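Data block below; observations after.
The values are calculated or read from the model by the stated rules, or taken from the named source; none is laboratory data. For clarity, every value in this text was computed on a predicted model and none was experimentally measured. So basically every Cβ, Gly included, is an ideal-geometry build from the backbone, and we count neighbours across all protein chains shown.
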Amino acid sequence: MTVLLWRRRALLAVALVLVATGCGRPPAVTSTTRVRPAVEAVVEVGFTVADLARSVAFFRDVLDFEKLAEAEVSGVEASRLHGVTGMRARVARLRLGAERLVLTQVLQPRGRSMPAGSRSNDRWFQHVAIIVSDMDRAHRRLREHRVVSISPAPQTLPAWNPKAGGIRAFYFQDADGHPLEVLQFPPDKGERRWHETDRLFLGIDHTAIVARDTDASLRFYRDLLGLRVAGVSDNHGPAQERLNNVAGAHLRITTLRAPAGPGIELLEYLSPRDGRPAPLDGRASDLWHWQTTLLSDHAEAIWADLAAGRALFVSPGVVALPPDSVGVRRGFIVRDPDGHAVEVVGR
């Protein structure tokens with residue numbers, strides 16, 4: 001079985017488990033454009049790393065992820081899908097609870113490091129929120145492994161905010177500068193499964209991305225991809241400033257979800273408005289590259305709608321993949337209005 005076949009098979013297997021349990025210009029559509037469900041699941045989130053062995057060890061030994069598989073990705077299909085000529089990479093797939101994280105080291109061509117002085121309101125910002133059962137224990141574990149902190153300490157969001165009050169959270173970085181979050185829900189918030197175990201690190205609740213304009217991002221994620229709005233929150237104040245390490249942080253937060261898988265959280269900084277746009281020439285080999293993978297039976301229809309909306313594609317079209325016994329046969333990568341990469345795969 002080729003590496004690309006292995007990758008697609010693993011993606012669909014993840015989706016089945018879950019179901020069972022400015023860059024491009026914003027598309028000019030309304031929320032009534034799509035009349036059928038477009039996306040079945042957010043199947044995984046991943047990013048590019050400089051040293052795969054080091055990153056796998058960090059997520060396994062510090063954050064309790066389980067390594068599922070590792071293989072090399074190369075060939076014409078990989079190059080076309082990712083828009084990188086001659087791409088050769090090693091990919092590791094990890095699991096925590098029901099969620100999957102994909103780490104990719106691009107061996108050829110080599111990419112660029114994280115932009116200097118990256119901050120939480122820059123529009124290439126993306127992270128995953130890892131749920132913990134005990135924030136104090138989790139924070140001690142991170143300090144023992146000398147992670148680079150973004151937040152000065154775990155923050156408790158204030159009670160006056162009904163959507164977020166009582167949540168405890170902490171931002172930090174991995175060795176490549178990727179921002180990550182550990183988050184603990186109070187008893188009255190979060191999914192039931194986050195409160196039913198005493199394991200320390202439990203799973204991924206969502207991936208968060210900075211959006212310049214929430215409404216433009218909603219036209220992309222809700223109206224074209226069919227994700228539903230699951231919640232909104234207005235977050236500000238000293239705890240939010242310390243959490244993000246951004247003075248005067250005032251965020252409009254919108255959570256989107258597919259029928260299965262982690263959510264996608266839009267973070268619009270109402271203030272300050274000085275976050276930098278993503279580099280226009282970013283590629284999958286650069287260390288600030290993140291990618292969110294969605295499963296849909298309507299890949300061609302979604303492509304057509306995105307093309308009509310003049311979205312910015314990474315792939316030259318819906319890329320035909322080698323036949324897979326479990327049914328994933330095609331896919332493409334597109335950028336949202338702020339440049340975040342979204343992969344759509346279909347059967």
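For Pro109, the conditions (1) in the same structural domain as Ala78 (by TED's automatic domain parsing); (2) in contact with a His (Cβ under 8 Å, 6 or more places away or on another chain) all hold with the exception of (2). For Val148, the requirement of being closer than 22 Å to Val56 by Cβ, in contact with a Gly (Cβ under 9 Å, 6 or more places away or on another chain) and either loosely packed, with under 14 Cβ neighbours inside 10 Å or of a type outside the set (Lys, Arg) (or both) is met.
So which residues in region 103-129 are farther than 12 Å from Val210 by Cα and out of contact with any strand residue (DSSP E or B) (no Cβ under 7 Å at 6 or more places or on another chain)?
Result: Pro109, Arg110, Arg112, Ser113, Met114, Pro115, Ala116, Gly117, Ser118.
Among the conditions (1) over 20 Å from Ile150 (Cβ atoms); (2) of a type in the set (S, T, N, Q); (3) modelled with pLDDT of 95 or more, the only one that Ser296 does not satisfy is (3).
Modelled with pLDDT of 90 or more and in a loop (DSSP other than H, G, I, E, B), is that true of Pro323? It is false that Pro323 is modelled with pLDDT of 90 or more and in a loop (DSSP other than H, G, I, E, B).
So if I check each of Ala308, Ala260, which one is farther than 21 Å from Phe47 by Cβ and touching a strand residue (DSSP E or B) at 6+ places or on another chain (Cβ under 9 Å)? Result of the check over Ala308, Ala260: Ala260. Each residue in region 198-218 was checked for being surrounded by fewer than 22 Cβ atoms within 10 Å (Cβ to Cβ), part of a loop (DSSP other than H, G, I, E, B) and touching a helix residue (DSSP H, G or I) at 6+ places or on another chain (Cβ under 8 Å), and 1 pass. Could you figure out which of (1) closer than 19 Å to Thr214 by Cα; (2) touching an Asp or Glu at 6+ places or on another chain (Cβ under 9 Å) isn't true of Val314? Every listed condition holds for Val314 apart from (1).
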